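The values are calculated or read from the model by the stated rules, or taken from the named source; none is laboratory data. The structure displayed is predicted, hence computed values, not measured ones. Don't worry about glycine lacking a Cβ; one is built from the backbone with ideal geometry, like all the others, and counts go over all protein chains shown. Please note that ligands, DNA and RNA were not included when accessible areas were found on the heavy atoms of the full protein model with its side chains. Shrake-Rupley method; radii C 1.70, N 1.55, O 1.52, S 1.80 Å.
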Amino acid sequence: MAKELPSRNEDYSLWYNELVKKADLAEHSDVRGCMVIKPYGYSIWEKMQQALDKMFKDTGHTNAYFPLFVPKSLFEAEEQNAEGFAKECAIVTHYRLKSDPQNKGKLIVDPDAQLEEELVVRPTSEAIIWSTYKKWIQSYRDLPILVNQWANVVRWEMRTRLFLRTAEFLWQEGHTAHATADEAVKETVQMLDVYADFAENFLALPVVKGRKSEGEKFPGAVDTYCIEAMMQDGKALQAGTSHFLGQNFAKAFNVQFTSREGKLDYVWGTSWGVSTRLMGALIMAHSDDDGLVLPPKLAPIHVVIVPIFKTEDELNKISDKVQEISIALRKQGYSVKFDNRDTHKPGFKFAEWELKGVPVRLAIGPRDMENGTVEVARRDTKEKQVMKLDQVAIEIPKLLDDIQNNIYQRALSFRTSVTTKVETYEEFKKVLEEKGGFISAHWDGTQETEAAIKEETKATIRCIPLDAKEEAGTCMYSGKPSSKRVLFARAY
(Lines give C-alpha, C1' and ligand atoms only; values in the text may rest on other atoms or scores of the structure.)
Protein backbone atom coordinates (compact mmCIF):
# COMPACT_ATOMS: atom_id res chain seq x y z
CA MET A 1 0.00 0.00 0.00
CA ALA A 2 2.35 2.78 1.20
CA LYS A 3 5.18 0.95 -0.55
CA GLU A 4 3.53 1.93 -3.81
CA LEU A 5 4.36 5.57 -3.07
CA PRO A 6 7.34 7.00 -4.95
CA SER A 7 10.15 8.37 -2.81
CA ARG A 8 10.18 12.10 -2.02
CA ASN A 9 13.83 12.25 -3.04
CA GLU A 10 13.19 10.60 -6.40
CA ASP A 11 10.15 12.62 -7.48
CA TYR A 12 8.65 14.99 -4.91
CA SER A 13 5.81 16.13 -7.17
CA LEU A 14 4.76 12.57 -8.03
CA TRP A 15 5.08 11.55 -4.36
CA TYR A 16 2.70 14.37 -3.39
CA ASN A 17 0.12 13.61 -6.08
CA GLU A 18 0.11 9.88 -5.34
CA LEU A 19 -0.12 10.43 -1.59
CA VAL A 20 -3.14 12.72 -1.93
CA LYS A 21 -4.92 10.03 -3.94
CA LYS A 22 -3.78 6.90 -2.07
CA ALA A 23 -4.52 8.40 1.35
CA ASP A 24 -8.10 9.06 0.18
CA LEU A 25 -7.85 12.84 0.52
CA ALA A 26 -8.95 14.00 -2.94
CA GLU A 27 -9.08 13.10 -6.60
CA HIS A 28 -9.47 14.85 -9.93
CA SER A 29 -13.09 15.35 -11.00
CA ASP A 30 -14.78 15.16 -14.40
CA VAL A 31 -14.61 18.97 -14.47
CA ARG A 32 -11.21 20.05 -15.76
CA GLY A 33 -9.12 21.70 -13.07
CA CYS A 34 -11.54 20.88 -10.25
CA MET A 35 -11.23 18.29 -7.50
CA VAL A 36 -13.40 16.03 -5.40
CA ILE A 37 -12.44 16.27 -1.74
CA LYS A 38 -13.09 12.80 -0.37
CA PRO A 39 -14.58 12.17 3.11
CA TYR A 40 -11.23 11.58 4.85
CA GLY A 41 -9.74 14.73 3.31
CA TYR A 42 -12.86 16.76 4.06
CA SER A 43 -12.74 15.59 7.69
CA ILE A 44 -9.33 17.23 8.02
CA TRP A 45 -10.62 20.43 6.37
CA GLU A 46 -13.60 20.41 8.76
CA LYS A 47 -11.22 20.30 11.74
CA MET A 48 -9.34 23.25 10.27
CA GLN A 49 -12.64 25.09 9.80
CA GLN A 50 -13.78 24.41 13.34
CA ALA A 51 -10.53 25.64 14.88
CA LEU A 52 -10.34 28.76 12.72
CA ASP A 53 -14.02 29.56 13.10
CA LYS A 54 -13.66 29.56 16.88
CA MET A 55 -10.61 31.82 16.64
CA PHE A 56 -12.52 34.22 14.40
CA LYS A 57 -15.49 34.34 16.74
CA ASP A 58 -13.23 34.75 19.77
CA THR A 59 -11.89 37.91 18.11
CA GLY A 60 -15.40 39.32 17.57
CA HIS A 61 -16.20 38.20 14.02
CA THR A 62 -19.45 36.69 12.77
CA ASN A 63 -20.23 34.66 9.66
CA ALA A 64 -22.38 35.74 6.72
CA TYR A 65 -22.82 34.67 3.11
CA PHE A 66 -22.71 36.70 -0.11
CA PRO A 67 -23.58 35.76 -3.72
CA LEU A 68 -21.42 33.56 -5.92
CA PHE A 69 -22.04 35.85 -8.92
CA VAL A 70 -20.71 39.40 -9.20
CA PRO A 71 -22.01 41.78 -11.91
CA LYS A 72 -19.08 42.74 -14.16
CA SER A 73 -19.62 46.45 -13.54
CA LEU A 74 -19.25 45.94 -9.80
CA PHE A 75 -16.14 43.86 -10.32
CA GLU A 76 -14.63 46.60 -12.51
CA ALA A 77 -15.28 49.32 -9.94
CA GLU A 78 -11.95 48.81 -8.17
CA GLU A 79 -9.63 48.90 -11.18
CA GLN A 80 -6.50 47.37 -9.63
CA ASN A 81 -8.47 44.44 -8.24
CA ALA A 82 -10.30 43.85 -11.54
CA GLU A 83 -7.09 44.00 -13.55
CA GLY A 84 -5.29 41.68 -11.12
CA PHE A 85 -7.91 38.94 -11.47
CA ALA A 86 -9.08 39.54 -15.07
CA LYS A 87 -7.24 36.58 -16.61
CA GLU A 88 -8.55 34.15 -13.98
CA CYS A 89 -12.24 35.02 -14.14
CA ALA A 90 -14.98 32.62 -15.22
CA ILE A 91 -17.91 34.49 -16.81
CA VAL A 92 -21.63 33.71 -17.10
CA THR A 93 -23.07 35.20 -20.28
CA HIS A 94 -26.44 33.40 -20.73
CA TYR A 95 -29.22 32.35 -18.38
CA ARG A 96 -30.63 29.25 -20.08
CA LEU A 97 -30.14 26.37 -22.49
CA LYS A 98 -32.54 24.93 -25.04
CA SER A 99 -32.91 21.70 -27.03
CA ASP A 100 -30.68 21.46 -30.07
CA PRO A 101 -33.02 21.18 -33.09
CA GLN A 102 -30.19 19.65 -35.15
CA ASN A 103 -29.21 17.04 -32.55
CA LYS A 104 -31.99 15.29 -30.64
CA GLY A 105 -31.40 14.89 -26.90
CA LYS A 106 -28.63 17.50 -26.82
CA LEU A 107 -28.65 21.05 -25.48
CA ILE A 108 -27.29 24.34 -26.77
CA VAL A 109 -27.02 27.84 -25.33
CA ASP A 110 -30.17 29.79 -26.13
CA PRO A 111 -28.94 32.82 -28.13
CA ASP A 112 -32.04 34.74 -27.02
CA ALA A 113 -31.11 34.30 -23.35
CA GLN A 114 -28.03 36.50 -23.25
CA LEU A 115 -27.66 38.41 -19.98
CA GLU A 116 -27.85 42.19 -20.15
CA GLU A 117 -24.69 42.24 -18.04
CA GLU A 118 -22.20 39.39 -17.66
CA LEU A 119 -21.69 37.86 -14.22
CA VAL A 120 -18.24 37.05 -12.84
CA VAL A 121 -18.05 33.83 -10.81
CA ARG A 122 -16.37 35.17 -7.68
CA PRO A 123 -12.59 34.89 -7.60
CA THR A 124 -12.79 36.92 -4.37
CA SER A 125 -15.67 38.84 -2.80
CA GLU A 126 -14.48 42.39 -2.12
CA ALA A 127 -16.65 43.85 -4.91
CA ILE A 128 -19.95 42.24 -3.96
CA ILE A 129 -19.35 42.77 -0.24
CA TRP A 130 -18.36 46.44 -0.47
CA SER A 131 -21.36 47.17 -2.71
CA THR A 132 -23.45 45.63 0.09
CA TYR A 133 -21.65 47.53 2.87
CA LYS A 134 -22.70 50.76 1.14
CA LYS A 135 -26.27 49.93 2.23
CA TRP A 136 -25.27 48.98 5.77
CA ILE A 137 -23.05 51.93 6.69
CA GLN A 138 -24.22 55.49 7.27
CA SER A 139 -22.50 56.65 10.46
CA TYR A 140 -19.72 55.72 12.87
CA ARG A 141 -22.38 53.92 14.92
CA ASP A 142 -22.55 51.25 12.19
CA LEU A 143 -18.82 50.50 12.51
CA PRO A 144 -16.87 48.34 12.79
CA ILE A 145 -18.30 45.55 10.65
CA LEU A 146 -16.45 42.30 11.37
CA VAL A 147 -17.68 39.67 8.91
CA ASN A 148 -16.29 36.37 7.65
CA GLN A 149 -17.67 33.99 5.07
CA TRP A 150 -16.89 30.34 4.33
CA ALA A 151 -17.28 29.84 0.60
CA ASN A 152 -15.95 28.47 -2.67
CA VAL A 153 -14.20 30.64 -5.24
CA VAL A 154 -13.19 30.13 -8.86
CA ARG A 155 -9.88 31.19 -10.40
CA TRP A 156 -9.40 29.76 -13.86
CA GLU A 157 -6.11 27.85 -13.59
CA MET A 158 -4.49 26.20 -16.60
CA ARG A 159 -2.02 24.08 -14.62
CA THR A 160 -3.59 22.52 -11.57
CA ARG A 161 -2.46 20.40 -8.62
CA LEU A 162 -4.77 18.90 -6.00
CA PHE A 163 -5.28 21.29 -3.05
CA LEU A 164 -2.42 23.59 -4.09
CA ARG A 165 -3.92 25.08 -7.23
CA THR A 166 -7.37 24.19 -8.56
CA ALA A 167 -9.91 26.14 -10.59
CA GLU A 168 -12.42 25.92 -7.73
CA PHE A 169 -11.32 25.78 -4.11
CA LEU A 170 -12.75 26.28 -0.64
CA TRP A 171 -11.70 29.06 1.67
CA GLN A 172 -12.76 31.64 4.21
CA GLU A 173 -12.58 35.34 3.52
CA GLY A 174 -12.91 37.99 6.19
CA HIS A 175 -14.06 41.47 5.17
CA THR A 176 -14.08 44.22 7.78
CA ALA A 177 -14.94 47.92 7.74
CA HIS A 178 -13.59 50.50 10.20
CA ALA A 179 -13.83 54.18 11.10
CA THR A 180 -10.05 54.81 11.21
CA ALA A 181 -6.93 53.65 9.43
CA ASP A 182 -5.32 52.72 12.74
CA GLU A 183 -8.22 50.43 13.64
CA ALA A 184 -8.08 48.73 10.22
CA VAL A 185 -4.31 48.19 10.42
CA LYS A 186 -4.69 46.67 13.90
CA GLU A 187 -7.35 44.31 12.51
CA THR A 188 -5.05 43.32 9.63
CA VAL A 189 -2.18 42.48 11.98
CA GLN A 190 -4.48 40.77 14.49
CA MET A 191 -5.78 38.36 11.82
CA LEU A 192 -2.24 37.66 10.64
CA ASP A 193 -1.45 36.69 14.25
CA VAL A 194 -4.54 34.43 14.30
CA TYR A 195 -3.30 32.65 11.17
CA ALA A 196 0.20 32.25 12.58
CA ASP A 197 -1.24 30.90 15.84
CA PHE A 198 -3.36 28.39 13.92
CA ALA A 199 -0.49 27.33 11.67
CA GLU A 200 1.92 26.73 14.52
CA ASN A 201 -0.44 25.29 17.14
CA PHE A 202 -2.75 23.21 14.93
CA LEU A 203 -0.88 22.55 11.67
CA ALA A 204 2.39 22.19 13.64
CA LEU A 205 3.86 24.39 10.92
CA PRO A 206 6.37 27.14 11.77
CA VAL A 207 5.73 30.28 9.74
CA VAL A 208 7.40 33.61 9.05
CA LYS A 209 5.14 36.64 9.44
CA GLY A 210 5.87 39.44 7.04
CA ARG A 211 4.72 42.02 4.52
CA LYS A 212 4.58 41.41 0.80
CA SER A 213 6.63 43.56 -1.55
CA GLU A 214 4.84 45.99 -3.84
CA GLY A 215 5.13 43.52 -6.71
CA GLU A 216 3.64 40.62 -4.73
CA LYS A 217 0.84 42.33 -2.77
CA PHE A 218 -2.89 41.79 -3.34
CA PRO A 219 -4.35 43.95 -6.17
CA GLY A 220 -6.30 46.79 -4.57
CA ALA A 221 -4.53 46.60 -1.19
CA VAL A 222 -2.35 49.23 0.42
CA ASP A 223 -0.42 46.55 2.31
CA THR A 224 -0.50 42.75 2.24
CA TYR A 225 0.70 40.78 5.25
CA CYS A 226 1.38 37.06 4.98
CA ILE A 227 2.58 33.92 6.69
CA GLU A 228 5.15 31.92 4.72
CA ALA A 229 5.95 28.26 5.34
CA MET A 230 8.71 25.97 4.11
CA MET A 231 7.99 22.60 2.50
CA GLN A 232 10.28 19.57 2.61
CA ASP A 233 11.45 20.06 -0.97
CA GLY A 234 12.87 23.48 -0.15
CA LYS A 235 10.05 25.46 -1.73
CA ALA A 236 8.02 28.07 0.14
CA LEU A 237 4.26 28.13 0.39
CA GLN A 238 2.11 31.16 1.21
CA ALA A 239 -0.14 29.83 3.98
CA GLY A 240 -2.36 32.86 4.58
CA THR A 241 -2.74 36.55 3.78
CA SER A 242 -4.24 39.59 5.52
CA HIS A 243 -4.74 42.80 3.56
CA PHE A 244 -5.01 46.42 4.66
CA LEU A 245 -7.21 47.86 1.91
CA GLY A 246 -7.01 51.47 3.02
CA GLN A 247 -9.99 53.35 1.56
CA ASN A 248 -9.58 51.88 -1.93
CA PHE A 249 -12.74 49.77 -2.01
CA ALA A 250 -14.74 52.32 -0.02
CA LYS A 251 -13.91 54.95 -2.63
CA ALA A 252 -14.61 52.58 -5.52
CA PHE A 253 -18.08 51.82 -4.11
CA ASN A 254 -18.67 55.19 -2.46
CA VAL A 255 -18.97 53.76 1.07
CA GLN A 256 -18.97 56.83 3.31
CA PHE A 257 -19.92 57.44 6.92
CA THR A 258 -20.53 60.39 9.19
CA SER A 259 -17.83 60.51 11.86
CA ARG A 260 -18.24 61.43 15.53
CA GLU A 261 -17.21 64.94 14.57
CA GLY A 262 -20.01 65.10 11.97
CA LYS A 263 -17.64 64.92 8.99
CA LEU A 264 -18.18 62.70 5.97
CA ASP A 265 -15.33 60.23 5.35
CA TYR A 266 -14.64 57.01 3.48
CA VAL A 267 -14.55 53.74 5.41
CA TRP A 268 -11.26 51.89 6.00
CA GLY A 269 -11.20 48.21 5.06
CA THR A 270 -9.42 44.89 5.45
CA SER A 271 -9.72 41.42 3.95
CA TRP A 272 -8.02 38.19 4.94
CA GLY A 273 -8.19 34.53 3.96
CA VAL A 274 -6.85 31.00 4.03
CA SER A 275 -7.91 28.14 1.77
CA THR A 276 -7.76 24.40 1.16
CA ARG A 277 -4.16 25.13 0.12
CA LEU A 278 -3.48 24.53 3.83
CA MET A 279 -4.23 20.87 3.13
CA GLY A 280 -1.32 20.88 0.70
CA ALA A 281 0.90 22.55 3.31
CA LEU A 282 -0.04 19.93 5.89
CA ILE A 283 0.88 17.09 3.54
CA MET A 284 4.11 18.55 2.16
CA ALA A 285 5.54 19.83 5.44
CA HIS A 286 5.22 16.65 7.53
CA SER A 287 4.55 13.48 5.54
CA ASP A 288 7.07 10.78 4.62
CA ASP A 289 7.59 7.98 2.12
CA ASP A 290 5.15 5.75 4.02
CA GLY A 291 2.27 8.23 3.90
CA LEU A 292 0.68 11.06 5.81
CA VAL A 293 1.96 12.34 9.13
CA LEU A 294 -0.92 14.24 10.73
CA PRO A 295 -0.65 16.53 13.76
CA PRO A 296 -3.08 15.10 16.35
CA LYS A 297 -5.05 18.36 16.59
CA LEU A 298 -6.15 17.97 12.95
CA ALA A 299 -6.29 14.17 12.66
CA PRO A 300 -9.81 12.81 11.97
CA ILE A 301 -8.82 9.69 13.94
CA HIS A 302 -6.48 10.06 16.91
CA VAL A 303 -6.13 6.40 17.83
CA VAL A 304 -6.70 3.28 15.77
CA ILE A 305 -6.92 -0.07 17.57
CA VAL A 306 -6.10 -3.22 15.62
CA PRO A 307 -7.04 -6.56 17.22
CA ILE A 308 -4.80 -9.59 16.67
CA PHE A 309 -6.98 -12.71 16.81
CA LYS A 310 -7.58 -16.15 15.35
CA THR A 311 -10.92 -17.12 16.87
CA GLU A 312 -14.19 -15.32 17.39
CA ASP A 313 -13.86 -15.87 21.14
CA GLU A 314 -10.51 -14.06 21.16
CA LEU A 315 -12.02 -11.17 19.20
CA ASN A 316 -14.94 -10.91 21.62
CA LYS A 317 -12.64 -10.68 24.64
CA ILE A 318 -10.45 -8.09 22.93
CA SER A 319 -13.54 -6.13 21.82
CA ASP A 320 -14.77 -5.82 25.42
CA LYS A 321 -11.44 -4.33 26.51
CA VAL A 322 -11.30 -2.05 23.46
CA GLN A 323 -14.78 -0.78 24.34
CA GLU A 324 -13.50 0.31 27.77
CA ILE A 325 -10.46 2.04 26.28
CA SER A 326 -12.55 3.76 23.58
CA ILE A 327 -15.08 5.13 26.05
CA ALA A 328 -12.33 6.48 28.33
CA LEU A 329 -10.54 8.23 25.45
CA ARG A 330 -13.71 9.58 23.82
CA LYS A 331 -14.75 11.14 27.12
CA GLN A 332 -11.57 13.20 26.86
CA GLY A 333 -12.43 14.33 23.33
CA TYR A 334 -10.32 11.88 21.31
CA SER A 335 -11.59 9.96 18.30
CA VAL A 336 -10.97 6.22 18.31
CA LYS A 337 -11.30 3.72 15.45
CA PHE A 338 -11.59 0.01 16.24
CA ASP A 339 -10.56 -1.77 13.06
CA ASN A 340 -12.11 -5.19 13.66
CA ARG A 341 -12.57 -6.05 9.97
CA ASP A 342 -12.11 -9.75 9.33
CA THR A 343 -11.50 -9.14 5.63
CA HIS A 344 -7.96 -7.82 6.07
CA LYS A 345 -4.92 -9.04 7.96
CA PRO A 346 -3.26 -6.92 10.70
CA GLY A 347 -0.27 -6.13 8.48
CA PHE A 348 -2.53 -4.62 5.83
CA LYS A 349 -4.34 -2.56 8.47
CA PHE A 350 -1.05 -1.30 9.94
CA ALA A 351 0.06 -0.11 6.48
CA GLU A 352 -3.32 1.46 5.71
CA TRP A 353 -3.50 3.54 8.90
CA GLU A 354 0.15 4.47 8.58
CA LEU A 355 -0.59 5.73 5.05
CA LYS A 356 -3.52 7.77 6.41
CA GLY A 357 -1.37 9.31 9.14
CA VAL A 358 -3.29 8.24 12.24
CA PRO A 359 -1.06 9.51 15.09
CA VAL A 360 -1.30 6.48 17.43
CA ARG A 361 -1.91 2.80 16.70
CA LEU A 362 -2.67 0.21 19.35
CA ALA A 363 -2.30 -3.52 18.65
CA ILE A 364 -3.80 -5.98 21.10
CA GLY A 365 -3.90 -9.77 21.01
CA PRO A 366 -4.63 -12.69 23.39
CA ARG A 367 -1.15 -12.56 24.94
CA ASP A 368 -1.53 -8.82 25.57
CA MET A 369 -4.85 -9.55 27.27
CA GLU A 370 -3.15 -12.06 29.56
CA ASN A 371 -0.34 -9.64 30.41
CA GLY A 372 -2.62 -6.62 30.75
CA THR A 373 -0.59 -4.73 28.13
CA VAL A 374 -0.93 -3.25 24.66
CA GLU A 375 1.58 -2.39 21.92
CA VAL A 376 1.59 1.33 21.12
CA ALA A 377 3.09 2.71 17.88
CA ARG A 378 3.41 6.43 17.16
CA ARG A 379 3.20 7.58 13.54
CA ASP A 380 5.68 10.46 13.66
CA THR A 381 8.77 8.51 14.80
CA LYS A 382 7.43 4.95 14.22
CA GLU A 383 8.67 4.07 17.71
CA LYS A 384 6.83 1.31 19.56
CA GLN A 385 6.35 0.74 23.26
CA VAL A 386 4.44 -1.62 25.53
CA MET A 387 1.89 0.11 27.75
CA LYS A 388 -0.22 -1.17 30.61
CA LEU A 389 -3.88 -1.42 29.58
CA ASP A 390 -5.02 0.37 32.73
CA GLN A 391 -2.73 3.31 31.86
CA VAL A 392 -3.88 3.82 28.27
CA ALA A 393 -6.50 6.49 29.05
CA ILE A 394 -3.89 8.46 31.03
CA GLU A 395 -0.82 8.00 28.85
CA ILE A 396 -2.27 8.30 25.31
CA PRO A 397 -3.32 11.98 25.74
CA LYS A 398 0.23 12.77 26.90
CA LEU A 399 1.62 10.88 23.93
CA LEU A 400 -0.61 12.81 21.51
CA ASP A 401 0.61 16.11 22.97
CA ASP A 402 4.19 14.94 22.55
CA ILE A 403 3.55 13.95 18.92
CA GLN A 404 2.00 17.37 18.17
CA ASN A 405 5.04 19.13 19.63
CA ASN A 406 7.54 16.78 17.97
CA ILE A 407 6.06 17.32 14.51
CA TYR A 408 6.31 21.10 15.00
CA GLN A 409 9.89 20.94 16.31
CA ARG A 410 10.93 18.71 13.42
CA ALA A 411 9.49 21.17 10.89
CA LEU A 412 11.14 24.09 12.70
CA SER A 413 14.50 22.35 12.71
CA PHE A 414 14.19 21.65 8.99
CA ARG A 415 13.28 25.27 8.21
CA THR A 416 16.27 26.49 10.20
CA SER A 417 18.55 24.12 8.29
CA VAL A 418 17.40 25.48 4.91
CA THR A 419 17.45 29.21 5.78
CA THR A 420 20.62 30.84 4.45
CA LYS A 421 22.06 34.36 4.54
CA VAL A 422 23.82 35.47 1.36
CA GLU A 423 25.66 38.63 0.38
CA THR A 424 26.19 38.29 -3.38
CA TYR A 425 23.99 37.37 -6.33
CA GLU A 426 26.35 34.56 -7.33
CA GLU A 427 26.08 33.08 -3.84
CA PHE A 428 22.29 33.51 -4.02
CA LYS A 429 22.03 31.54 -7.29
CA LYS A 430 24.32 28.81 -5.97
CA VAL A 431 22.30 28.32 -2.78
CA LEU A 432 19.04 28.42 -4.74
CA GLU A 433 20.18 25.60 -7.06
CA GLU A 434 22.06 23.41 -4.61
CA LYS A 435 20.13 23.85 -1.35
CA GLY A 436 16.89 25.74 -1.85
CA GLY A 437 14.89 26.97 1.12
CA PHE A 438 14.61 30.54 2.38
CA ILE A 439 17.40 32.88 1.35
CA SER A 440 17.88 36.03 3.43
CA ALA A 441 19.38 38.79 1.31
CA HIS A 442 19.54 42.54 0.89
CA TRP A 443 17.25 44.10 -1.74
CA ASP A 444 17.17 47.70 -2.94
CA GLY A 445 13.38 47.96 -2.64
CA THR A 446 12.68 48.45 -6.36
CA GLN A 447 10.20 46.46 -8.44
CA GLU A 448 12.72 46.44 -11.29
CA THR A 449 15.26 44.46 -9.26
CA GLU A 450 12.57 42.16 -7.89
CA ALA A 451 11.25 41.43 -11.41
CA ALA A 452 14.75 40.83 -12.79
CA ILE A 453 15.61 38.31 -10.06
CA LYS A 454 12.29 36.50 -10.64
CA GLU A 455 12.85 36.40 -14.40
CA GLU A 456 16.39 35.06 -14.07
CA THR A 457 15.93 32.58 -11.21
CA LYS A 458 12.15 31.98 -10.69
CA ALA A 459 12.69 33.01 -7.06
CA THR A 460 10.42 35.65 -5.55
CA ILE A 461 10.43 37.80 -2.46
CA ARG A 462 8.26 35.73 -0.13
CA CYS A 463 8.03 38.49 2.45
CA ILE A 464 9.72 41.30 4.30
CA PRO A 465 9.77 39.71 7.78
CA LEU A 466 8.02 41.76 10.45
CA ASP A 467 10.92 41.05 12.80
CA ALA A 468 13.58 42.01 10.22
CA LYS A 469 16.28 44.10 11.87
CA GLU A 470 17.44 47.42 10.47
CA GLU A 471 20.76 46.54 8.90
CA ALA A 472 22.72 48.70 6.50
CA GLY A 473 23.82 46.74 3.46
CA THR A 474 23.89 46.65 -0.32
CA CYS A 475 21.44 44.94 -2.65
CA MET A 476 22.90 41.65 -3.85
CA TYR A 477 21.66 42.34 -7.40
CA SER A 478 22.04 46.07 -8.03
CA GLY A 479 24.61 47.07 -5.42
CA LYS A 480 22.36 49.92 -4.27
CA PRO A 481 21.85 50.67 -0.55
CA SER A 482 19.51 48.44 1.46
CA SER A 483 18.22 48.89 5.02
CA LYS A 484 17.11 45.31 5.80
CA ARG A 485 17.07 41.75 4.54
CA VAL A 486 14.09 40.10 2.87
CA LEU A 487 13.29 36.41 2.33
CA PHE A 488 13.54 34.96 -1.17
CA ALA A 489 12.54 31.45 -2.26
CA ARG A 490 11.08 29.48 -5.10
CA ALA A 491 7.49 28.83 -4.21
CA TYR A 492 4.27 26.99 -4.94
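Numerical summary
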item	result
Elements of type helices (runs of 4 or more DSSP H) in segment 1-84, at least 2 residues being within 30 Å of Q247 (Cβ to Cβ), open to solvent by less than 70 Å² (accessible area, probe 1.4 Å) and not basic (K, R)	39-58, 72-76
Residue in segment 298-309 that is buried (at least 22 other Cβ atoms within 10 Å of the Cβ) and either under 30 Å from E173 (Cβ atoms) or of a type in the set (K, R) (or both) present	yes
Test result for W156, of a type in the set (F, W, Y) and in a helix (DSSP H, G or I)	no
Hey, A239 hydrophobic (A, V, I, L, M, F, W, C) and either in contact with a strand residue (DSSP E or B) (Cβ under 7 Å, 6 or more places away or on another chain) or part of a strand (DSSP E or B) (or both) or not	yes
Search result, residues across segment 96-139 that are assigned to a loop (DSSP other than H, G, I, E, B), open to solvent by 70 Å² or more (accessible area, probe 1.4 Å) and either of a type in the set (K, R) or over 28 Å from Q172 (Cα atoms) (or both)	R96, P101, Q102, N103, K104, G105, K106
Selection count, segment 168-202, where residues are touching a helix residue (DSSP H, G or I) at 6+ places or on another chain (Cβ under 6 Å) and either at pLDDT below 95 or among the aliphatic types (A, V, I, L, M) (or both)	3
Matching option when the condition is under 30 Å from E187 (Cβ atoms) and at pLDDT 95 or above, among V70, V92	V70
Any chance A452 is of a type in the set (A, V, I, L, M, F, W, C) and open to solvent by 20 Å² or more (accessible area, probe 1.4 Å)	yes
Yes/no for F249 being hydrophobic (A, V, I, L, M, F, W, C), in contact (Cβ under 8 Å) with a residue 40 or more places away in the chain and part of a strand (DSSP E or B)	no
